[in-house]
Amino acid sequence: MNQTSDLLTLRSVSKSYGTVPVLHGVDLSIRDGEFLTVLGPSGSGKTTVLRLIGGLEPLTAGEIRLDGQDISGMPINRRPFNTVFQDYALFPHLTVAGNVGYGLSVRHVPRKEIARRVAQALELVQLGRFAGRFPAQLSGGQRQRVALARALICQPRLVLLDEPLAALDLELRRQMQEFLKSIQREVKTTFLFVTHDQEEAIGMADRICVMQAGHIRQLGSPHELYYRPNCEFVARFFGENNLVAGSLGETRGEFRAIETALGRLVCSVAGQPHLKAAATGARGFATFRPEALRLAGDGDAENRLSGAVADVAFAGSSTVVTITAGGDAAQRLRLRFPSRVEGSALRAGETVALSFAPHEGHLVLA
Amino acid sequence: MIAPPRLSTILLAATTVLVAVLLYSPLFVPIVSSFFPVARGEVDWSSPTVETYVALAGNDEILSALRTTLVVGFCTVVLSVVGGTLLALYYHGRRAGRSALQFIIFLPFLMPPIISGLALLIFFREIGLERSLLTVVIGHTAFVLAIVYRTVLTRLQSMSRTLVEASYDLGATKWQTFWRIILPNLSSAMVGGAILAFALSFDETMITILVTGTQTTLPVRLWAMMRLGFSPDINALVALILMFTVLLCALAARFLVPRQIATQRA
């Protein structure tokens, strides 16, 4: 199937609970076969998006289209989507096989056929031996896989996953991330995965949709979101970042200057016409990742910053240095570099000169 | 750390034992004395016997009262389980008038039985309904409905909302969801409520006395026997009823423990 065709489209979808609006005219297209992650802090409306698509809640305004057909009014039990709930919602009185086969059984699929497909689905999630157990007799990771098998067996067009890994411990969560991704590739079904955990999002998603306060802030590949955030919120929320406020200056080729309290900084605007076109003097931020920042050498003419080391934190594979720049305690910069066995040469209180390459700098408008 | 307050611990323990003995030991007196014969109003402690039980088994009045009690209990249980479950579902569905409904359900349970009984008696006379086993069943059902209602409602409220959502999500209709997901998850609460309802109906005396016709239930029979004077049969009967009630309560407790906990312990 064509990877870029749209499976599901949300058009100016709004949702209010009573008089409290939680979604403000959201537009979103989900491509057939992709793994799309909706990422946002709690209260951003990400779970609401999932519940509206699944049919668990009615829309307040807007429409949802499946293959171009409006399905906004279609009842939940007729939508070709299945959900993996955050608490798994396994039926406690049914066995694993009973749970997985439920979706077929309520559609009056013949028993033999159900048995065959249940066995297949349990094989897919590597739970063949557990068919006769009850949910209470399973571990968290196993319940999770039963919930996934139960959702996949109906061959849905779209699988909705509502923070399904939140209840698992770190190690299991990593395993399940890989597992989910490999299953998704195997069954070639579209997955819509909701999470507040950006590591999860980066690890699994083809595309990420960042939400905040009922709005979609940015939709793109993990790489795009990381290196080309389109607003202050995404720049701060998605991954660790350095932001320095200022006003935009002149554009020179693929680069544009920004005048900040720390001096003039030059950042790349390649392929971003809206940044080139923004008025001179407009408020904005220079952003650069902690791993792009380094101790300045003599040859670095541009983007020189100086500050005092406030803290040196060893974080395993990398070491993070916090620097207060420009004599302003509120302007903190972070510098991340690979850890060495002999430890960092930097000491708290020391004054250092820093720099980042212009092509690693990025601008966002305030 | 605070040193263990020894004197107060001892005092507390002594008080607990004293209260327990004073309150609950009378319950064991009839059980013990039912195994000893009574001669001229004096208990003869020297020769244990099961004569009283034999005499009880041969007492047709008591046996017929027991039969009546069982019939009334059965009918009450069926009516109150069906009614209580439906009312709990209605309340849980956040439909109109739910608080008023709940108040009415609890009223007969909380009111003094003599008031409930009199109210029913007056009502039956007004609508011209003969006093019979039917009126007894109606009286009992009004009284025990609250127990089944509360038990089922508690289970409904502890059931995760997502179970129902998951059922719809997997393509089930409302009816399928009710029969295949909601009802099975309520069943143990319904059984527990049924046992409690039966135990209450079994013991109920005041309402029964007021609304019964010619037939009489076991506690009413017991009441009548007491008025004629102290007899060893009474001890045996009290002992049996006591043991039966304890058994029912233990059974009910077993069904009302959530399934999840039960399987985890297994």
Check your understanding: Within the bounds of the range A:340-354, is there any residue that is in contact (Cβ under 8 Å) with a residue 60 or more places away in the chain and in contact with a Phe, Trp or Tyr (Cβ under 6 Å, 6 or more places away or on another chain)?
Key -> no
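What number of residues within the range A:57-76 are within 13 Å of another protein chain (Cβ to nearest Cβ) and either in contact with a Lys or Arg (Cβ under 6 Å, 6 or more places away or on another chain) or touching a residue at least 24 places away in the same chain (Cβ under 8 Å) (or both)? If you could, list the steps in order and put the result at the bottom.
Step one: list which residues in the range A:57-76 are within 13 Å of another protein chain (Cβ to nearest Cβ), which gives A:57, A:74-76.
When the remaining residues are screened for being either in contact with a Lys or Arg (Cβ under 6 Å, 6 or more places away or on another chain) or touching a residue at least 24 places away in the same chain (Cβ under 8 Å) (or both), the result is A:57.
Residues in the range A:57-76 being within 13 Å of another protein chain (Cβ to nearest Cβ) and either in contact with a Lys or Arg (Cβ under 6 Å, 6 or more places away or on another chain) or touching a residue at least 24 places away in the same chain (Cβ under 8 Å) (or both): 1 in total.
When the range A:21-57 is examined, which residues are found to be among the charged types (D, E, K, R) and buried (at least 21 other Cβ atoms within 10 Å of the Cβ)? Show your work before the answer.
First, pick out the residues of the range A:21-57 that are among the charged types (D, E, K, R): A:27, A:31-32, A:34, A:46, A:51, A:57.
Passing the criteria: only A:46.
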Point to revise | Single unsatisfied condition, residue A:114 versus (1) crowded, with 20+ Cβ neighbours inside 10 Å; (2) touching a residue at least 40 places away in the same chain (Cβ under 8 Å); (3) of a type in the set (A, V, I, L, M, F, W, C) | key: (2)
Point to revise | Index of the failed condition, residue A:57 passing every other in (1) on the phi > 0 side of the Ramachandran plot; (2) in a loop (DSSP other than H, G, I, E, B) | key: (1)
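Give the residues of the range B:115-137 that are among the β-branched types (Val, Ile, Thr) and either in a loop (DSSP other than H, G, I, E, B) or touching a helix residue (DSSP H, G or I) at 6+ places or on another chain (Cβ under 7 Å) (or both), sorted by residue number.
B:127, B:135, B:136, B:137
Would you tally the residues in the range A:208-225 being buried (at least 19 other Cβ atoms within 10 Å of the Cβ) and in contact (Cβ under 8 Å) with a residue 60 or more places away in the chain?
7
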Study note, to complete from the structure: Of the candidates B:96, B:55, B:88, the one satisfying the condition of being more than 23 Å from residue B:204 (Cα to Cα), at pLDDT 85 or above and of a type outside the set (Ser, Thr, Tyr) is B:88
Practice item. Might you check whether a residue that is touching a residue at least 24 places away in the same chain (Cβ under 8 Å), under 26 Å from residue A:102 (Cα atoms) and among the aliphatic types (A, V, I, L, M) occurs anywhere in the range B:238-249? Key: no
Check your understanding: If you scan the range A:132-148, which residues turn out to be facing chain B (nearest Cβ under 9 Å) and surrounded by fewer than 17 Cβ atoms within 10 Å (Cβ to Cβ)?
Key -> A:136, A:137
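Report, by residue number, each residue of the range B:208-256 that is part of a helix (DSSP H, G or I) and among the hydroxyl-bearing types (Ser, Thr, Tyr). Working first, answer last.
First, the residues of the range B:208-256 that are part of a helix (DSSP H, G or I): B:208-211, B:218-227, B:232-256.
Listed by number, the residues that qualify are B:208, B:245.
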Practice item. Residue by residue through the range B:72-93, note down the ones that are loosely packed, with under 15 Cβ neighbours inside 10 Å and under 26 Å from residue B:236 (Cβ atoms). Key: B:74
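Determine if the range A:78-100 includes at least one residue that is on the phi > 0 side of the Ramachandran plot, facing chain B (nearest Cβ under 10 Å) and either among the small types (Gly, Ala, Ser) or not in a strand (DSSP E or B) (or both).
Within the range A:78-100, the subset on the phi > 0 side of the Ramachandran plot is A:88-89.
From the residues that got through so far, the ones that are facing chain B (nearest Cβ under 10 Å) too are A:88-89.
Narrowing further to those that are either among the small types (Gly, Ala, Ser) or not in a strand (DSSP E or B) (or both): A:88-89.
Looking through the range A:78-100, at least one residue is on the phi > 0 side of the Ramachandran plot, facing chain B (nearest Cβ under 10 Å) and either among the small types (Gly, Ala, Ser) or not in a strand (DSSP E or B) (or both).
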Review point. Among A:307, A:284, A:271, which is under 20 Å from residue A:231 (Cβ atoms) and assigned to a strand (DSSP E or B)?
Key: A:284
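The values are calculated or read from the model by the stated rules, or taken from the named source; none is laboratory data. Note that the coordinates shown come from a computational prediction; the quantities given were computed from them, not determined experimentally. Note that each Cβ is placed from the backbone with ideal geometry, even for glycine, and that neighbours are counted across all protein chains shown.
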